[in-house]
Amino acid sequence: ILALILKNFIKDDIKEILNIKNTINNQKGDTVAHNLAKNNAREFIKILLDDKFTKDDIKEILEMKGSYGYTVAHKLAKNKASEFIKILLDEKFTKDDINKKAIKEILKISDNGGYTVAYYLAKGNTSEFIKLLANDNFTKDNVKSILKINTSYPWLTIHYLRWYNNIELQKLFK
């Protein structure tokens, strides 16, 4: 329903609505986009993948910072990992090397605790995350650099993937 309502708005108006900050309790600083990412991800993703938005528009929205340094990308990765991966696999991000670089940049965004988007994706949906990394978007070196991103705990992203003893992960490094 939300996607249908916003479909008639122009791109700049939608971006302005998505950037409205919440001022209630512990969610101070979160935007409408953060709340949609957490509570209504499927509808939110329909909005983002609309033809109105370019890769740069989507990246700008995904990088909006909220409470605790969480970006919209963090909220999607924590709450709806498989739906979020659909955005990263969309042709807007995968059609050329410049766009593929944007995926890597999004995966490396850290929150205030040092946790990256890649970390939350690995923790939340290992098999979908492996499919993203195994996609032609990344070289072996890209994958290694994404998986070696440090967090505030000694658990690197790769630890979550290894924890599940994922055979697909092993295939990436053969």
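The values are calculated or read from the model by the stated rules, or taken from the named source; none is laboratory data. It should be emphasised that the depicted structure is a prediction, and the values quoted were computed from it without experimental measurement. Backbone-built Cβ (ideal geometry, glycine too); neighbour counts: all protein chains shown. To get the accessible areas, we keep the full protein, side chains included, count just its heavy atoms, and leave off ligands, DNA and RNA. Shrake-Rupley method; radii C 1.70, N 1.55, O 1.52, S 1.80 Å.
Cross-link pairs exceeding 19 Å between alpha carbons, from the set LYS11/LYS104; LYS65/LYS123; LYS59/LYS144; LYS75/LYS108: LYS11/LYS104; LYS65/LYS123; LYS59/LYS144.
Approximating the spin labels as points 7 Å out from Cα along Cα→Cβ, the LYS131-to-ASP12 distance works out to 3.8 nm.
For the stretch 17-96, what's the relative contact order in percent, using C-alpha pairs closer than 8 Å and at least 6 residues apart? With pairs under 8 Å counted, the relative contact order is 30 percent. Surface exposure of the stretch 46-93, expressed per residue as accessible area with a 1.4 Å probe, stands at 39 Å².
With a Förster radius of 25 Å, plug the Cβ-Cβ distance of ILE5 and ASN79 into 1/(1 + (r/R0)^6) and report the FRET value to the nearest 0.05. Calculated transfer efficiency: 0.70.
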